[in-house]
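Read the structure below first, then the notes.
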Amino acid sequence: MIRFENVGMRYGGGPEILRDVSFELEPGSLTFLTGPSGAGKTTLLKLVFLAERPSRGAISMFGKDVAALRRTELPALRRRIGVVFQDFRLLDHLTAYENVALPLRIAGRAEQSYREDVEEILNWVGLGERLHARPATLSGGEKQRIAIARAVVARPPVLVADEPTGSIDPEMGARLMRLFVELNKLGTSVLIATHDRGLVETHGARELRLFAGRINQTGGTRWS
Amino acid sequence: MELTEDISPARPTPLFPRGGGGESALFGVMAIMSFLACLTLGLALGAARLAHAWERGLSGQATVQIVDAPNVAMEAQLAGAIAVLEATPGIATVRPMSAEESAALLKPWLGDADLAAVPVPMLIAVTLDPAVTLDAETLRARLKEAAPGATFDDHSRWNAGLTAASATIAWGAYGVLALIALAAAASVVFAARAALQAHRDVVDVLHLTGAKAGFIAREVQARFFALGGGAGLAGVAGAAIVAVAVALWAGTEMPGLAVDWRDALWFAAVPVVAALIAMATARFTVSRFLARAA
């Protein structure tokens, strides 16, 4: 589904942040990406959700070579990957409902066609009562759940989350993890970057361990 | 009552928040540009109408002048010329002017001199039928045959001068309008770029959520369309106040320059054009910006 082969990444003329990174995400898999701060987790995720292109190596997504993609082909591919950003990246002037509906609006769907979907997903993350709230009035955990709802509302086959439990209390963190696991059971491939070892041990899923730009793999269903 | 009823406003919230990118400054600039465009338009239309009025005054009339010709009597020339004129399509009336009328026309030049000794040319006043185009060259040739001393003057020399002058004014005005449009477009370029920079975070989220460049451009251009249209209306409103003032002050003194309410359509086009310029320029700018950013 998503395959990295000897991927290297540097910004401009700076040092190489990722070196010879190779792994594969299988359909329906749950994978943790771990490593200390500065190990390159966020950079690797940026490559996965097509915010950056690698300096070297090959990335293939849904059977397409990323290096050979034209700029106009990127949006269609990005729509197949839901992203939960570390800093949420909600649009502050939109309501919770409008933020969650954003991917559907971008896909060109009419409002009446997705209204129920959006409500359902907001209920699923426990924010069915806060449709009209704007991000400024929401707590960190609520924002995170809005961000998750936005990432999955268009039912993408892949979900990527950057430190989703980083800025919230453990109870809320566990609750969010249950959402991810549930999604995974429904068939979504989930990749979660975290520095929380406890999270990984609790779920016993496959782990990609980044250290100084290189990857070690443990557990999971498949070695690449 | 269903929960879904008022989840979202009737029209979706614009994805780019208001403010940022100097929108109020752009509004002011576009309003001033629209105001200037209206003034230029008013001047051009006024000049065209004035030229047209002068032209119409001259072009309805012509004169045939008959001077002595060897071997042909003056009266014979006059009768021949009148016969030719009356047979020519496009000529409405033919009226030979009396000797007294001709003398009166010469008086400013010759004073009270005795005209009996001077060979005074005979004049025929002709009015033209505006519905028929007169073939002046054929008429001149036929007049020459019937009356060798006759010349036909349809004032076309004066008409040509006036037409050239009004055309020059019109082209000058079009040039000024084009410059105004260009300056307006340039300011939209700056404002659109500034807006994108100010809302870079929104652009990023839209991109990463799979928005195509066209989708983002549509969001931005809709905003600038409204802004350009609003500014255009403000400019036209300002120009309308000036027009009313001019009409009140000069309406009786300079009828040609007074505002003609039939021109309202032209002025109504100004906000539309302003909105279209803003929209098209914003779309172009956003597309360029995104092509470089991606």
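Every helix of 4 or more DSSP H residues in chain B counts as -39500 (n - 2.57), and over all residues that averages to -23000 deg cm²/dmol at 222 nm.
A cut-off of 5 Å between modelled amide H atoms, ignoring neighbours fewer than 5 places along the same chain, links residue A:190 with A:29, A:30, A:31, A:159.
Provide Rg over Rh for the protein assembly as shown; use the alpha carbon set for both Rg and the Kirkwood Rh (inverse mean inverse pair distance).
Ratio value, two decimals: 1.35.
Across the stretch B:159-198, the convex hull enclosing all Cα atoms gives 25 Å³ per residue. Of the residues A:211, B:35, the one with the fewest other Cβ atoms within 10 Å heads the list, and the complete ranking is A:211, B:35. May I ask for the distance between the Cα centers of the stretch B:180-227 and the stretch B:54-87, given as a whole number of Å? Answer, in whole Å: 70. On a per residue basis, the convex hull of the C-alpha atoms belonging to chain A measures out at 126 Å³. Counting every alpha-carbon pair across the stretch A:90-155, the share separated by more than 20 Å comes to 15%.
In order along the stretch A:188-203, phi translates into HN-Hα couplings of 7, 6, 10, 10, 10, 8, 7, 10, 8, 4, x, 4, 5, 5, 4, 8 Hz, rounded to whole numbers, per the Karplus curve 6.51 cos²θ - 1.76 cosθ + 1.60 with θ = phi - 60° and x for Gly and Pro. Shape annotation for chain B: C-alpha extents along the principal axes are 104, 43, 39 Å, from largest to smallest.
Restricting attention to the protein assembly as shown, the count of lysine pairs at 8 or more positions apart or across chains with alpha carbons under 28 Å apart stands at 12.
Summing charges over all other residues whose Cβ lies under 12 Å from the Cβ of residue B:283, with Lys and Arg as +1 and Asp and Glu as -1, gives +2. With respect to chain B, whose longest principal axis is taken over its alpha-carbon atoms, helix B:23-59 is tilted by about 10°. If a/c stays under 1.5 just call it rounded; otherwise compare a/b with b/c (prolate if a/b is bigger, oblate if not). Do that for the stretch B:60-154, with a ≥ b ≥ c from the square roots of the Cα gyration tensor eigenvalues. Since a/c reaches 1.5 but b/c is at least a/b, the shape of the stretch B:60-154 is classed as oblate.
Taking every residue in A:68-78 and counting other chain Cβ atoms within 10 Å of its Cβ, the average works out to 3. To the nearest ten degrees, helix B:156-198 and the longest principal axis of the Cα atoms of chain B are 0 degrees apart. Our helix-only sum for chain A, with -39,500 (n - 2.57) per DSSP H run of n ≥ 4 divided by its residues, gives a mean residue ellipticity at 222 nm of -10000 deg cm²/dmol.
For the stretch A:148-224, pairs of C-alpha atoms spaced more than 17 angstrom apart make up 47 percent of the total.
Between the helical axis of B:99-110 and the dominant principal axis of chain B, each derived from Cα atoms, what acute angle in degrees is found, rounded to the nearest 10? Once rounded, the angle reads 70 degrees. Looking at the square roots a ≥ b ≥ c of the eigenvalues of the Cα gyration tensor of the stretch B:152-294, which shape do they give, rounded for a/c under 1.5, prolate if a/b is larger than b/c, or oblate? Taking the square roots of the gyration eigenvalues as a ≥ b ≥ c, the stretch B:152-294 is prolate. Remark: the Cα gyration tensor places the stretch A:8-73 in the oblate category, a/c being 1.5 or greater and a/b not exceeding b/c.
Here the spin labels are modelled as points 7 Å beyond Cα on the Cα-Cβ line, and at residue B:262 and residue A:137 they lie 5.9 nm apart.
Bear in mind these aren't lab numbers, they're just calculated from the coordinates by the rules spelled out. Note that this is a predicted model, so its numbers are computed, not measured. Neighbour counts are summed over all protein chains in view; Cβ atoms, including those assigned to glycine, are modelled from backbone coordinates with ideal geometry.
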